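I have placed the structure first, in the form of structure tokens, so that the comments after it can refer back to it.
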Amino acid sequence: MHELALGEAIVDTVRRHAGGRSVRRVTARIGHMRQVVPDALQFAWEMLTDGSDLAGCRLEIDHVPAVITCRGCGSTTTLEFPILLCDACDSADVELVSGEEFLVATMDVAEEVSSSSSTTTGDDSAVS
Ligand SMILES: [Zn+2]
């Protein structure tokens, strides 16, 4: 499952950047050429984070369209399918401008909560 591997890559990146802090929300920029099924990635994300330190962290997917420019005629095409062909002249001599992105764009990290564990002093000093 393609999305599971991508989900793992996101989890790894988030963990590395979070450094132990809790993360509320992650936005991943994913290009159209990656052919990611958003629902499948969400499912993989939940499976990977459930019960972990990232449990409850929301994943948002920022879809980047695949755009090519033609070296022959100079026109720009936004691809619907991952087929690198110029829409204007059918040339395959094109350059991919965007659509291959796969990165963690933003992360909402929770403020450092000073875990002042106010330990309730046990009433072991029972006055008798
Ligand atoms: Zn062209």
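Every number in this text was worked out from the coordinates using simple rules, so none of it is lab data. Remember, predicted model here, so these are calculated numbers, not experimental data. Don't worry about glycine lacking a Cβ; one is built from the backbone with ideal geometry, like all the others, and counts go over all protein chains shown.
The residues packed around residue 47, meaning those with a beta-carbon under 11 Å from its beta-carbon, carry a net charge of -4 if Lys and Arg are +1 and Asp and Glu are -1.
Taking Cα atoms only, the orientation of helix 38-49 departs from the longest principal axis of the chain by about 30 degrees.
Principal axis analysis of the Cα atoms in the stretch 66-113 yields extents of 58, 18, 12 Å, listed in decreasing size. Within the shell defined by Cβ-Cβ distances under 10 Å, the residues around residue 32 carry a net charge of -2, with Lys and Arg each +1 and Asp and Glu each -1. Protection proxy ranking for 73-84, 44-55, using the average of other Cβ atoms within 10 Å per residue and placing the highest first: 44-55, 73-84.
Enclosing the Cα atoms of the stretch 2-109 in their convex hull gives a volume equal to 89 cubic angstrom per residue.
Taking the Cβ of residue 86 as the centre, find all other residues whose Cβ is under 11 Å away and add up their charges (Lys, Arg: +1; Asp, Glu: -1). Residues close to residue 86 contribute a combined charge of -3.
Simple point charges give the picture: +1 on the Cβ of Lys and Arg, -1 on the Cβ of Asp and Glu, and for the chain a dipole about the Cα centre of about 200 debye.
Ranking 11, 102, 61 by how far each Cα lies toward the positive end of the dipole of the stretch 2-109 (charges on Cβ) leaves 11 at the top. Contact order, relative form, for the chain: 32 percent (alpha carbon pairs under 8 Å, 6 or more residues apart, mean separation divided by residue count).
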